[in-house]
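The next block holds one structure in the form of structure tokens; read it before the comments.
No lab work stands behind these numbers, since they all come straight from the coordinates. Model, not experiment: these values are computed from the prediction. Cβ placement follows ideal geometry from the backbone for every residue including glycine, while neighbour counts extend to all protein chains displayed.
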């Protein structure tokens, strides 16, 4: 059974040193998750439907309306990074339901009896979520090119987008795993996931700039990690786009949030099976 492979891989020939073992174990988990995606790639195409609708219908319509001030960018250009961030969020936030399935199938029990670090189990899933996020970025870049959006296609800009997408995906997937550890059932998780995604999306700068929000919503948006992901993507993806919050903050805030969530998830992860 392939489900037993992660535990066997983690238990065999541990590398000397805690850091080396942590990295090896994380990559073993990530490899297992990516293999699942290769067996069923249809998920990638179904996940592309929603961002395509946002760009083609909502974006094109509001570009002609010109009701939202977006500076030197068309509304479609302003919105494209927000749609990518939304796609990353929606894909990652339901990552926890797969963990509940794994618990029901007994896979998590096998992982927890292995000598693997609990943090490595979580990090491996975060890495795989980041790689899934890159497939969403690839699809949205193709859509943007078809729609005539002016993209920055320089090597530094593309590497920056890769880093931000992977960080955002890892962050929200880890948050999703924490929710899964707390609620423990698929039905409750689905309900909570639906409740969380839309407020995170609309309380960010994904589809309108911070400057036109009411003051209380600006406060909420500035503690929303999605805001920083969108801001970084807008400065990296679009010709003429810029980061209003600064790239340093755009990376530091989500990275700090990810480290905190990783520590919490590693502590809660064994409780998922109780």
For the chain the translational diffusion coefficient, Stokes-Einstein from a Kirkwood Rh over Cα pairs at 10 °C and viscosity 1.306 mPa s, in µm²/s, is roughly 82
Counting alpha carbon pairs within less than 8 Å and at least 6 residues apart, what relative contact order, in whole percent, applies to the chain?
26
Log entry: pair-distance distribution for region 54-204, C-alpha pairs binned every 5 Å from zero, whole % per bin is 2, 9, 16, 18, 17, 13, 10, 7, 5, 2, 1, 0
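Tell me what the chain gives for mean residue ellipticity at 222 nm when only DSSP H runs of n ≥ 4 count, each as -39,500 (n - 2.57), the sum divided by the residue total, rounded to 500 deg cm²/dmol.
Helix contribution divided over all residues of the chain: -24000 deg cm²/dmol.
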Gain upon complete extension [residue 72, residue 142; 0.36 nm per residue less C-alpha separation]:
23.0 nm
What ranking do 233-241, 70-78 get when scored by the average of other Cβ atoms within 10 Å per residue, highest first?
233-241, 70-78
Cβ crowding within 10 Å averaged over residues, with 253-263, 85-95 ranked highest first
85-95, 253-263
Mind checking the full-extension length gain between residue 31 and residue 194? Use 0.36 nm per residue of separation minus the Cα-Cα distance, one decimal, nm.
55.9 nm
Packing-ranked peptide list from 143-156, 169-182, 217-230, 106-119, highest mean Cβ count within 10 angstrom first, is 169-182, 217-230, 106-119, 143-156
Expected unfolding gain across residue 263-residue 118 under the 0.36 nm per residue rule, minus the alpha-carbon gap, is 51.3 nm
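How do 125, 36 line up, fewest other C-beta atoms within 10 Å first?
Fewest-to-most Cβ neighbours within 10 Å comes out as 36, 125.
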Report the label-to-label distance for residue 202 and residue 239 in nanometres (one decimal), using points 7 Å from each Cα along the Cα→Cβ vector.
3.5
Cα convex hull volume per residue for region 162-223, in Å³, equals 102
Counting residues in region 179-274 as N, plug N into 2.2 N^0.38 Å and put the Cα Rg over that result.
1.29
Please say if region 211-264 is rounded, prolate or oblate, where rounded means a/c under 1.5 for a ≥ b ≥ c the square roots of the C-alpha gyration tensor eigenvalues, and otherwise the choice is prolate for a/b larger than b/c and oblate otherwise?
oblate
